[in-house]
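The values are calculated or read from the model by the stated rules, or taken from the named source; none is laboratory data. Note that the structure is a prediction, hence the values are computed from the model and not measured. Cβ coordinates were reconstructed from backbone atoms using ideal geometry, including for glycine residues, and neighbour counts include every protein chain displayed.
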Amino acid sequence: VVKMDAQIANVKFDGLFINASGVHCQLNNDLDELQANTFVAGTVTKSATLASRPGNPRPRYVDLAHGSINSMGLPNQGFDYYLNYALTRPSKPVILSVAGLSVAENLKMLTQIQESSFDGLTELNLSCPNVIGKPQLAYDFQATEEILTAVFSFFKKPLGVKLPPYFDLVHFDQMAAILNKFPLSHVNSINSIGNGLWVDPVTESVVIKPKNGFGGVGGAYILPTALANVRAFRMRLNPAIKLIGTGGVTTGADVFAHLLCGADIIAVGTQLQVEGPLVFERLTNELAAIMDEKNYQDIAELRGKLKTL
Ligand SMILES: O=C1NC(=O)NC(C(=O)O)N1
């Protein structure tokens, strides 16, 4: 049997897999079902805003041939709901995801976490592409440095950030230089590729209602971008900043690729949405088969060991 575990800050994960925030995590019973799954090591909550939100008009999520497109618009039960879940129910780690609609709202939620008895990981989502009129904050480097400076002036518990994909090596350099200034527990890379567009040739129309059809793309389409971002940040970030690799995982080989790029933990979004929680057993078995074939006993032997030519 292959040893698969990881640690982020003071939190031990007895396995590799978590859900991607937003998928199978909006309600208590969604989270409980993942918590009860042998092949799930931890759960991330739906990114919370202070007040509950209905989200964008439907249709707002569509499965595509090789992935998905979504403009959910941060539908969630409100911050208190997820803090209560994190404080009362988990047998496995719960990562609390927050995505305030303003800096002030983020600071307010993080202050409540700081003052609570929650001792797990918090993740600041700086990359939601679907709140109408709001930019993906992590594409504004100055604003990102400003909010992290404000946060770390009072937040002393483990904190990570959820990043959008970057597509320029200079942007990796600039973003990593900013992130390395802060005692982050982890970086979760990537969020969906923002503002894609899908056209249905039969109806000659877009397929989601919000934003005239523009939405975040997930699934197999985004694997090369996800691998590039995980690798680029692994090569640039302080080793103390761990990596959650998110994006494009549909098979054990994709998991193996994310691990070679440097991921400590693997998050599954679109494929979890499509296949349901059984996906985690399949990915575990497929990864174990690859590792057996290559005679690896422990993930630590291959993590981050991607070769170049
Ligand atoms: O950060 C997010 N990423 C997405 O792809 N969609 C959700 C959302 O729209 O709520 N948020």
Somewhere in the range 86-102, is a residue crowded, with 24+ Cβ neighbours inside 10 Å, touching a Ser or Thr at 6+ places or on another chain (Cβ under 8 Å), at pLDDT 95 or above and assigned to a loop (DSSP other than H, G, I, E, B)?
yes
Determine if the range 227-249 includes at least one residue that is outside any strand (DSSP E or B), on the phi > 0 side of the Ramachandran plot, surrounded by 19 or more Cβ atoms within 10 Å (Cβ to Cβ) and touching an Asp or Glu at 6+ places or on another chain (Cβ under 9 Å).
yes
Can you pull out every residue in the range 1-34 that is away from the ligand (no atom under 16 Å from the Cβ) and either in a loop (DSSP other than H, G, I, E, B) or of a type in the set (S, T, N, Q) (or both)?
Val1, Val2, Met4, Asp5, Gln7, Ala9, Asn10, Asp14, Gly15, Leu16, Asn28, Asn29
For the range 186-199, state whether one or more residues are in contact with a Gly (Cβ under 7 Å, 6 or more places away or on another chain), farther than 23 Å from Asp5 by Cα, surrounded by fewer than 15 Cβ atoms within 10 Å (Cβ to Cβ) and touching a residue at least 12 places away in the same chain (Cβ under 8 Å).
yes
Find the residue count for the range 119-139, including only residues that are within 16 Å of Leu50 (Cβ to Cβ) and assigned to a loop (DSSP other than H, G, I, E, B).
3
I'd like to verify a number: residues in the range 124-145 that are without any contact (Cβ under 8 Å) to a residue 12 or more places away in the chain and more than 27 Å from Pro210 (Cβ to Cβ), how many?
1
Taking only the range 250-309 into account, find how many residues are of a type in the set (S, T, N, Q), modelled with pLDDT of 95 or more and more than 18 Å from the chain's Cα centre (by Cα).
4
With the checklist (1) at positive phi; (2) within 21 Å of the chain's Cα centre (by Cα); (3) part of a helix (DSSP H, G or I) in hand, flag the one item Lys211 doesn't pass.
(2)
